[in-house]
Every structure is written in C-alpha cells, then in structure tokens.
Amino acid sequence: MTFMDWYREDRLPHIYCTGCGNGTVINCTLEAVEQMGWAVDDTVFISGIGCSSRAPGYIKTDSLHTTHGRALAFATGVKLANPRLNVVVFTGDGDLAAIGGNHFIHACRRNVDLTVVCMNNMIYGMTGGQGSPCTPVGAISTTTPYGAVEPVFDLSELAVTAGANYVARWTSYHVKELTKAVKDGLETPGFSFIEALTQCPTAYGRRNKLRQVSDMINYMRTNVILIQKKQRMLERGEAVPEEKIPVGEFVRRNRPAMGVPK
Amino acid sequence: MKLVIDESRCKGCNLCTMVCPYHIFQEGDRLNERGIIVPKLDRPERCPNCRLQKLYGRRLCGACALICPDQAIRWEEEKPYEKHKVVIEY
C-alpha cells in the first residue's frame, strides 16, 4: 500500500500548474494517513475554496468542498456530529488566514480534534495573484504592484497563541519532515496545525523574479532555519536574519480536547 | 522493481532532478507528444528502491515519488530475474 491507493486515479492528472507544490503536500498528507492505517470509509477530507482546496476532489474518501473560509466550521460540525470519523482539513493561506481567520482562532481555542494542513503559497493563486495576509513584505502581486507593505501574518505562531495542541511548519521541499509532521498531527488528540510553505511559480514566482520552479525551491531551501537553531541563536544573543523563516515543530502539548471519542 | 515516469501525467517541472541523492533523474532534451520535456533516467537500476524494496519489504527512499506534484513516478514489477549490470559508486 502506498499513498497512490488514496488517489482517484480517474481524476488525474490534476489541474495544478507545472511545479505547483500543492500536489507534493497532498502526497505527504496521504502518505501520513496511509501510515496511520486508517480506513477510507472512516476518513473525511474537508476544504474551502482555492487552489489548495481542490485537493479532496482527487481523493477517494468522502469529502466536503465548502464555502470560502468556512472549512473549519464545517469540519467542527462533522467531528462533533460523529466523533469516530477522522477529519483532515486542507486549506490555503487566503482561505484560512484572510477570510476564515475567525474560524481558525476559535477552532484553535476550542481545540477540536482536527488536523489542518495549510498550503501557504503566500498569494491568492487561483484568482490571479492578489496579495494575501501571508505575502512577504516587498513582494509584488496584482494588488500590491509597488511591493507589499503590510506586516505578515505568522500562522504557526498564531495557532500556538490561540491554543492548538500541535503546530509545525515545513516546506514542500522537506517532504520527509512534512510527512512526519502530518503523522504527528494526526496522532495528537486535539487541534493540530501543519503549515506547509509551497511554491507558486505561476502567480507568485512570475512576478517576483522566481520564475523557474527550481528558483522557488532554492528560495525555500536557503531561507528556512530550524526553530531550535533560531532559539539557540537568540539565547546566545546573535542576530537572526530578518528574512529567515523558522521551520520545525513549534509546540506539542496536551490541553483538553473536544470531539475525542470516549 | 523498475523506476518509471508516467509520461501522461508528468508536466516537466524537474523537481525530481533536485531531490534524488543518486542524480538518477536528469533534465530531458526532447519534447514528447504532449509538448512536455520529461526528465530522462540515468541508470535507474542504481535506485535503492529498485534493488532493495523486495528485500526490505518496504519503500526505502521514495523522495522523488513524494515530491512529484503530478504523481508521475512509480515503481513497477519486473519480469523475474532480469539481469542488470549494477555499478556501485563510492
């Protein structure tokens, strides 16, 4: 058994652009689900609107393709109505942070037993490259033609603060680590949030001098720093470069969770 | 086992060429019938999955199949006892 057994092969190839990282994140999530040994009938994939949210359409299990930003609200309902189901949510940065931001912090606060995989491509890819809350400062998009000026939302730190039980961040280049993180999230009772930075060569890279897929992968590979290393650097009083993105496991704790079957 | 790239799914992003520790995937040089330059395989019998998957009973590395966004890389069963010349590099 591999992760390919979870795909609806009649729907492939999918519509994602050449080099889009969303396919990689689906592979890693399905590999983790496969390692958990869950049955197809007991698993539900839920998504909102966006590139990332087309993912459940390519998976054999039951799925919900819901309104924009409301994936977590629907997922909470599914989990509380039938706590035996394993619920996984696919969402994007515009879906989760911009339009569904309130649902996100309250799902973290309630600590519902969900696993949320956020494919953060730092832009609204499907609608033509508008700036999202995760667009880096200085990046060019169709709504920020002179460079984004707003501070960036750090989704993982937000989930830690709001009370999620497990929070990790990896990129679509670190496939093995991402698979491990998703598996840890699936095993943790309570709300687990895995942020996967993905490349978007079509909407983001094309406008930001990262036109080739390899350029975006190299950008992610060179600009990440392990969170333990960042903490060591801060303890020693060294300056952490501004553009470095911390990756790794942010928190793992055991707050009382909602929706765990007795 | 045999390493195969499914040309009907590959979109030519060349992500596999960046992750393979053996550099088995090389950038291709000819268009296929869909107008896509599919990576070519350089001595795929060096892949640890091809050699050792049966022996260990599990997938060993698999980074290329995991990172492939189009699910185009897979391992196929071969006819039994096909002879391969394997050159091990140190």
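The values are calculated or read from the model by the stated rules, or taken from the named source; none is laboratory data. Just so it is clear, the model here is predicted, and its values are computed rather than measured. We place every Cβ from the backbone using ideal geometry, glycine too, and count neighbours over all the protein chains shown.
Tabulated results
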{"item": "Members of segment A:159-176 that are assigned to a helix (DSSP H, G or I), touching a residue at least 12 places away in the same chain (Cβ under 8 Å) and out of contact with any helix residue (DSSP H, G or I) (no Cβ under 7 Å at 6 or more places or on another chain)", "result": "A:Val160"}
{"item": "Selection count, segment A:157-205, where residues are closer than 25 Å to A:Ser141 by Cβ, away from chain B (no Cβ under 14 Å) and over 14 Å from the mean Cα position of the chain (by Cα)", "result": "2"}
{"item": "Any hit, segment A:198-209, residues being part of a strand (DSSP E or B), in contact with a strand residue (DSSP E or B) (Cβ under 6 Å, 6 or more places away or on another chain) and closer than 19 Å to A:Phe90 by Cβ", "result": "no"}
{"item": "Checking B:Leu15 against (1) more than 14 Å from chain A (Cβ to nearest Cβ); (2) at pLDDT 90 or above; (3) surrounded by 14 or more Cβ atoms within 10 Å (Cβ to Cβ), the condition it does not meet", "result": "(1)"}
{"item": "When residues of segment B:39-90 are limited to those that are aliphatic (A, V, I, L, M), within 12 Å of another protein chain (Cβ to nearest Cβ) and in contact (Cβ under 8 Å) with a residue 24 or more places away in the chain, the one farthest from B:Cys20 (Cα to Cα)", "result": "B:Ala72"}
{"item": "Failed item, numbered, when A:Arg84 is tested on (1) in a helix (DSSP H, G or I); (2) over 18 Å from the mean Cα position of the chain (by Cα); (3) of a type in the set (Lys, Arg)", "result": "(1)"}
{"item": "Any chance A:Phe90 is touching an Asp or Glu at 6+ places or on another chain (Cβ under 9 Å), in a strand (DSSP E or B) and surrounded by 17 or more Cβ atoms within 10 Å (Cβ to Cβ)", "result": "no"}
{"item": "Positions within segment B:47-75 being under 10 Å from the mean Cα position of the chain (by Cα) and of a type outside the set (A, V, I, L, M), in sequence order", "result": "B:Cys47, B:Asn49, B:Cys50, B:Gly62, B:Cys64, B:Arg74, B:Trp75"}
{"item": "Test for A:Arg8: is it charged (D, E, K, R) and either in contact with a His (Cβ under 6 Å, 6 or more places away or on another chain) or within 14 Å of chain B (Cβ to nearest Cβ) (or both)", "result": "yes"}
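So that you can scan it fast, the table gives a plain yes or no per residue for (1) touching an Asp or Glu at 6+ places or on another chain (Cβ under 7 Å); (2) hydroxyl-bearing (Ser, Thr, Tyr); (3) modelled with pLDDT under 90:
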| site | (1), (2), (3) |
| --- | --- |
| B:Met1 | yes, no, yes |
| B:Ser8 | no, yes, no |
| B:Val19 | no, no, no |
| B:Phe25 | no, no, no |
| B:Leu31 | no, no, no |
| B:Arg34 | no, no, yes |
| B:Cys50 | no, no, yes |
| B:Arg59 | no, no, yes |
| B:Ala65 | no, no, no |
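Residues checked against (1) assigned to a loop (DSSP other than H, G, I, E, B); (2) of a type in the set (D, E, K, R); (3) modelled with pLDDT under 90; (4) under 18 Å from the mean Cα position of the chain (by Cα):
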{"site": "A:Gly19", "(1), (2), (3), (4)": "yes, no, yes, yes"}
{"site": "A:Ile26", "(1), (2), (3), (4)": "no, no, no, yes"}
{"site": "A:Glu31", "(1), (2), (3), (4)": "no, yes, no, yes"}
{"site": "A:Gln35", "(1), (2), (3), (4)": "no, no, no, no"}
{"site": "A:Trp38", "(1), (2), (3), (4)": "yes, no, no, no"}
{"site": "A:Val44", "(1), (2), (3), (4)": "no, no, no, yes"}
{"site": "A:Ile49", "(1), (2), (3), (4)": "yes, no, no, yes"}
{"site": "A:Ala55", "(1), (2), (3), (4)": "no, no, no, yes"}
